[in-house]
Amino acid sequence: MRTFANLQELKASVGETFGPTEWRTVTQDQVNLFADATDDHQWIHVDVDKAKASPFGGTIAHGYLSLSLLPSFLGELVEVKSIAMAVNFGLNKVRFPKPIPVGSRVRATAELADVKGSPAGQLTTLKVSIEVEGERRPACTAEVLFLYVPE
């Protein structure tokens with residue numbers, strides 16, 4: 001994890017890459033719970049037997065499930081101290097280039113792409129990539145925006 005003492009240190013680190021995080025396994029239980037939470041029960045995610053005959057050879061995680069891992073991954077990558085709070089400000093350029101087969105291990109890296117002032121604090125852009133172990137292409141890429149509010 002990269003820890004910044006303050007927002008000035010963060011701003012001085014634009015261009016740095018952080019990570020990777022620890023590997024974690026995406027499980028069928030996790031996919032099923034996500035399907036229940038989002039009401040997205042498409043068979044490629046939840047029907048283990050039918051998915052065996054698919055081009056993927058088994059069930060795959062929802063693209064949005066991979067995206068939902070970002071807060072946890074980011075908590076392993078970056079910490080900014082001496083702030084009042086960090087607010088999720090949104091996402092840019094989200095892509096799902098490669099599916100995550102259930103049972104695969106994934107991890108993330110992030111590049112600090114930009115830090116710019118705003119009336120409420122520092123708007124930060126992190127380019128995050130989630131990789132699947134053994135795959136060349138990432139499962140998810142996104143520009144994550146955080147507003148860091150000073151103390």
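Compared with the direct C-alpha span, the chain from Ala12 to Arg136 gains 41.5 nm at full extension, assuming 0.36 nm per residue. Surface calculation, 1.4 Å probe, protein heavy atoms: Ser82 sits at approximately 70 Å² accessible. Around the amide H of Ser104, modelled in the peptide plane, lie the amide H atoms of Val26, all under 5 Å away and 5 or more residues distant in sequence or on another chain. If the reach is capped at under 19 angstrom between alpha carbons, list the lysines near Lys11, excluding any in the same chain fewer than eight residues apart. Partners within reach: Lys81, Lys116, Lys127.
For Phe4, the residues whose amide H sits under 5 Å from its own are Glu79, Val80, Lys81, ignoring neighbours fewer than 5 places away on the same chain, with H placed 1.01 Å from N. Over the range 8-151, with every protein chain in place, what whole percent of the accessible area is carbon and sulfur at 1.4 Å, could you tell me? Accessible surface attributable to carbon and sulfur in the range 8-151 totals 51 percent. DSSP beta bridges fully contained in the range 1-133 are about 85 percent antiparallel.
How high is the FRET efficiency from Lys52 to Glu143, r the C-beta distance, R0 35 Å, rounded to 0.05? Calculated transfer efficiency: 0.50. Solvent-accessible surface of the range 31-138, taken per residue with a 1.4 Å probe and all protein chains present: 54 Å².
The values are calculated or read from the model by the stated rules, or taken from the named source; none is laboratory data. On a predicted model such as this, the values are computed, not experimentally measured, just so you know. As a convention, Cβ positions derive from the backbone with ideal geometry for all residues, glycine included, and neighbour counts pool all protein chains shown. Heavy atoms of the whole protein, side chains included, go into the accessibility calculation; ligands, DNA and RNA do not. Shrake-Rupley method; radii C 1.70, N 1.55, O 1.52, S 1.80 Å.
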